[in-house]
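The values are calculated or read from the model by the stated rules, or taken from the named source; none is laboratory data. Only a predicted model underlies this, so the values are computations on that prediction, with no experimental measurement involved. Cβ placement follows ideal geometry from the backbone for every residue including glycine, while neighbour counts extend to all protein chains displayed.
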Amino acid sequence: MILTPHHDGSALHVDRQDPALGETVAVRLRVPAGQPTPGGVWLRSIRDAEPHYDAATRLGEGDGWVWWQARLLVVNPVQKYRWLLRTGGTPGNLWVNARGTGALDVPDVQDFRICAGPAAPAWIHRSVMYQVFPDRFARSAAAAGRTLPDWAVAAEWDTSAVIGRGPDTPYQYFGGDIEGIREHLDHLESIGATVLYLTPMFPARSNHRYDAAAFTGIDPLLGGDEALIRLVEAAHARGLRVVGDLTTNHSGDAHEWFRAAYRHPAAPESDFYYFSADNTAYLAWLGVESLPKFNWRSEGLRERFILADDSMAARWLQPPFNLDGWRIDVGNMTGRAGGDDFNHEIAALIRDRIQTINPEALLVAESTSDAAPDFQGDTWHGAMTYTNFTRPLWQWLARPHTMGDGDAPGGHLAGAEPGVTRDGSGNITGQAWPDYFGLPQRGPERIDAGDFLATHLDFAAAFPWRVRLANLNAIDTHDTARAASAILPGAQPLAAALQFTLPGVPMVFMGDEFGFEGFNGENSRTPMPWNAPERIPADLRGLYAGLSALRRDHPALTAGGLRWLHAAGGTLAFIRETAEASVLVVLFRDAATGVDLGDLAPGLAPGFAPRRLWGHGTASAVRGAGTGVVVSGQALSAAAFALPGTIVPSAAAPGVQPSERP
């Protein structure tokens, strides 16, 4: 590994992440001391869409790095910047942006970013989030006495197969409830979770409840309002926060607003949706008729959904419910329909509203594709997305396979459907190949570590640093196949290790800690095996508890910078750094011996040896020649090691003047 100039958004390099417009922020670049001295260093910022250059001042040298500092004026709400080094050689220029270091000019989309105004609440950066799908987590004793609705297809908790695809999929009802969740909060604490995220809880006509019939109360099938109040009180007493799921893109077709307006053009709610002239036809999410799409042109909708004291967005964050924030469903499509695009406006409106209620409330949003353009620090705090982490992770750890001519979208083969099992109603209950985010192929196709890193950087670079720290890192969710079905057998510990050590918030989907499998999102919603240990494919509770403790005990993993050290073949290595301490993380998909990370930390004392903090398998790290570190490990092993903090010179070196303009 050859050291390169480095900058990221952490406190080592940026003085603050929440400046006001017109303020200046000190930003720093470090250059390896052993490399030729730059002929000058400049900070290039974009001011009102025009490039501007400020000369940087040499701060001094520390731990083998030469540090440079400049003052960044925050002219725009999202202030873009990058670094320019004049090398005095060939090539003459080096650019440093969020994608990396290179000699070629690069587009602004990959510039570093600082956002004006308040950042996400600080608590989210230290969190471990646990996602619960209420119908499948736990049943209290009270569940047995509830009358099933007409839409429900009853299923037995420990014996019924989960229906992954078919006419009964949205109606299969296992009967989990909120009281059952409250009774199992010990489990969340035991694996280190600090935030409970609940998918929708409002009355609906499906087990997933994204087709809400009302927003004014909790579904009686889940125990009603009082059950939620008791759950939040119990969670808060343990130091756990609770986040709900808000559907801003659509309601259900049984919703009181939709029923009032359907076929009634004169109804006050008529402009809440995209209706035809006579209100008999309407726009629905992805054409699913049960999910009519909201029309955010409507001032009435904005008032009743966001602005009013008893609105959907506001009511549940206030007493007596006191939710700690929202995860926004289909955030990327909210407010977008043909020529309409109110996405940014609605996102900002929701954020402003919830912050008037609770400045510490969290607001994260789902965005299934290239999320960064919608997450620029002034709307959603962070993204629940797949492109920058989950998808390339599955590819790096993918099971070897070849794509066949008969592959079809949805993760299964057309025609004879080899490996597929169905019940008597035609529902698919078992399947050999997992769905890979809707792509027409048999699961993910394998890539090497270099391609993993390239893909990750391509999608992560355009996020402001403070947004990256609030993004949710998930190896799977209730909307995807299970990672265990898509990646190499025994590779989930590596996936979890990356999830807990990269910038962002690890989000564990219930059942990950039991190694659950599933060929698509619906099939992955397996009831928890509280009384059926024989249903546990792999007991990984200790793994998740250990990673949670590692993250909790080492602030470098929640607030530190990120510097990639090695990405080739089956090996990944990076370091998370603060002034006080650093953590080296190495992962081996394949066995490797003597991987030299080079001058990992040029200032390491001669007698220093990396100390192992956490590990899975035989991964090791030892001192190499000079100031280098050499790592080795068996296949499917990973480890984290303690390293010293990084020294930043505090004052400019005597007699050193800022560089001249290039």
- Message: Anything in region 168-189 that is at negative phi, in contact with an Asp or Glu (Cβ under 9 Å, 6 or more places away or on another chain) and small (G, A, S)? List them, or say none.
- Response: G176
- Residue in region 551-562 that is part of a strand (DSSP E or B) and either within 25 Å of R99 (Cα to Cα) or among the aromatic types (F, W, Y) (or both) present: yes
- Message: Can you report the number of residues in region 203-230 which are within 17 Å of W257 (Cβ to Cβ) and small (G, A, S)?
- Response: 5
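Okay, residues lined up against (1) out of contact with any Pro (no Cβ under 7 Å at 6 or more places or on another chain); (2) assigned by TED's automatic domain parsing to the domain that holds V66; (3) among the small types (G, A, S):
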site: G515; (1), (2), (3): no, no, yes
site: G521; (1), (2), (3): yes, no, yes
site: I536; (1), (2), (3): no, no, no
site: L543; (1), (2), (3): no, no, no
site: L547; (1), (2), (3): yes, no, no
site: G569; (1), (2), (3): yes, no, yes
site: E577; (1), (2), (3): yes, no, no
site: S582; (1), (2), (3): no, no, yes
site: T593; (1), (2), (3): yes, no, no
- Looking at this structure, is F500 on the phi < 0 side of the Ramachandran plot, touching a Pro at 6+ places or on another chain (Cβ under 9 Å) and among the aromatic types (F, W, Y)? yes
- Could you please give the count of residues in region 269-296 that are surrounded by fewer than 19 Cβ atoms within 10 Å (Cβ to Cβ), touching a residue at least 40 places away in the same chain (Cβ under 8 Å) and touching an Asp or Glu at 6+ places or on another chain (Cβ under 7 Å)? 1
- Item | Every residue from region 153-183 that is of a type in the set (S, T, N, Q) and either in contact with a Lys or Arg (Cβ under 7 Å, 6 or more places away or on another chain) or more than 13 Å from P527 (Cβ to Cβ) (or both) | T169
- Tell me, please, whether a residue that is in a strand (DSSP E or B) and among the β-branched types (V, I, T) can be found in region 117-136. yes
- Query: In region 136-165, what residues are among the charged types (D, E, K, R) and either loosely packed, with under 13 Cβ neighbours inside 10 Å or more than 27 Å from L323 (Cβ to Cβ) (or both)?
  - Reply: D150, E156, D158, R165
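One line per residue, one yes/no per condition, for (1) touching a helix residue (DSSP H, G or I) at 6+ places or on another chain (Cβ under 9 Å); (2) not assigned by TED's automatic domain parsing to the domain that holds I350:
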site: A261; (1), (2): yes, yes
site: A277; (1), (2): no, yes
site: L286; (1), (2): no, yes
site: R304; (1), (2): yes, no
site: A308; (1), (2): yes, no
site: M312; (1), (2): yes, no
site: R315; (1), (2): no, no
site: P320; (1), (2): yes, no
- Query: Taking into account only those residues within region 385-407 that are part of a loop (DSSP other than H, G, I, E, B) and modelled with pLDDT under 95, which is surrounded by the most Cβ atoms within 10 Å (Cβ to Cβ)?
  - Reply: R399
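To keep it simple, each residue is scored yes or no on (1) surrounded by 24 or more Cβ atoms within 10 Å (Cβ to Cβ); (2) within 22 Å of the chain's Cα centre (by Cα).
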{"residue": "P167", "(1), (2)": "no, no"}
{"residue": "I191", "(1), (2)": "no, yes"}
{"residue": "A212", "(1), (2)": "yes, no"}
{"residue": "G223", "(1), (2)": "yes, no"}
{"residue": "V242", "(1), (2)": "no, yes"}
{"residue": "E256", "(1), (2)": "no, no"}
- Please enumerate the residues belonging to region 536-582 that are among the polar types (S, T, N, Q) and either out of contact with any Leu (no Cβ under 8 Å at 6 or more places or on another chain) or closer than 30 Å to F516 by Cβ (or both). S548, T558, T571
- Item | Per-region count, region 590-612, residues at pLDDT 80 or above, among the aliphatic types (A, V, I, L, M) and within 26 Å of P32 (Cβ to Cβ) | 4
- Task: Give me a count of the residues in region 16-63 that are surrounded by 14 or more Cβ atoms within 10 Å (Cβ to Cβ), at positive phi and under 34 Å from the mean Cα position of the chain (by Cα).
- Result: 1
- Restrict the check to region 449-460 and report whether at least one residue is within 30 Å of D111 (Cβ to Cβ) and part of a loop (DSSP other than H, G, I, E, B). no
- Of those in region 321-372 that are within 30 Å of A227 (Cα to Cα) and of a type in the set (D, E, K, R), the residue surrounded by the most Cβ atoms within 10 Å (Cβ to Cβ) is R327
- Do we find that R297 is closer than 20 Å to N279 by Cβ and more than 24 Å from the chain's Cα centre (by Cα) in this structure? yes
- Message: Exactly one condition in (1) modelled with pLDDT under 95; (2) in a strand (DSSP E or B) is false for D105; which is it?
- Response: (2)
- Query: With respect to L231, is the statement that it is modelled with pLDDT of 95 or more and under 29 Å from the mean Cα position of the chain (by Cα) true?
  - Reply: yes
